[in-house]
Amino acid sequence: MPHPDLALMIAAFDRLAAAGFVTGSHWAAVHDVCQAHEGEAAFDWGHALCHRIEGDDWNAGYWYRRAGKPKPSGTFDEEWAAMRAALAADAG
């Protein structure tokens, strides 16, 4: 059964993407959801992208390792598209 907050994280990231992946209230909303589920791979992956967007490469790297994901070299849009497809499949 998918985690109920997975759909919440996807929706929050969609809003952040629509806002151009800038830090601010949309970023904080995504970060809060991810941080509330620390230790769960899908949320740790989201946490990694949050810190990559923020420009905190060291912290992003930590969360990519926790999520078991390589640190991407593409754009935020490209990463979100790949992440969204994977998470949507998990969310059912």
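The values are calculated or read from the model by the stated rules, or taken from the named source; none is laboratory data. Quick caveat, the model's predicted, so the values are computed rather than measured. Backbone-built Cβ (ideal geometry, glycine too); neighbour counts: all protein chains shown.
Table for the structure above
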| quantity | calculated |
| --- | --- |
| Given (1) buried (at least 16 other Cβ atoms within 10 Å of the Cβ); (2) more than 12 Å from the chain's Cα centre (by Cα), index of the condition residue 70 fails | (1) |
| Condition broken by residue 5, with the remaining ones in (1) modelled with pLDDT of 95 or more; (2) part of a helix (DSSP H, G or I); (3) surrounded by 13 or more Cβ atoms within 10 Å (Cβ to Cβ) satisfied | (1) |
| Any hit, the stretch 18-28, residues being closer than 21 Å to residue 90 by Cα and at pLDDT 95 or above | no |
| Of all residues in the stretch 18-28 being part of a helix (DSSP H, G or I) and more than 11 Å from the chain's Cα centre (by Cα), the one that is surrounded by the most Cβ atoms within 10 Å (Cβ to Cβ) | 26 |
| Filter result (out of contact with any Lys or Arg (no Cβ under 9 Å at 6 or more places or on another chain), touching a residue at least 12 places away in the same chain (Cβ under 8 Å) and outside any helix (DSSP H, G or I)) within the stretch 29-55 | 37, 40 |
| Scope the stretch 44-86; condition of a type in the set (S, T, N, Q) and at pLDDT 95 or above; matching residues | 59, 75 |
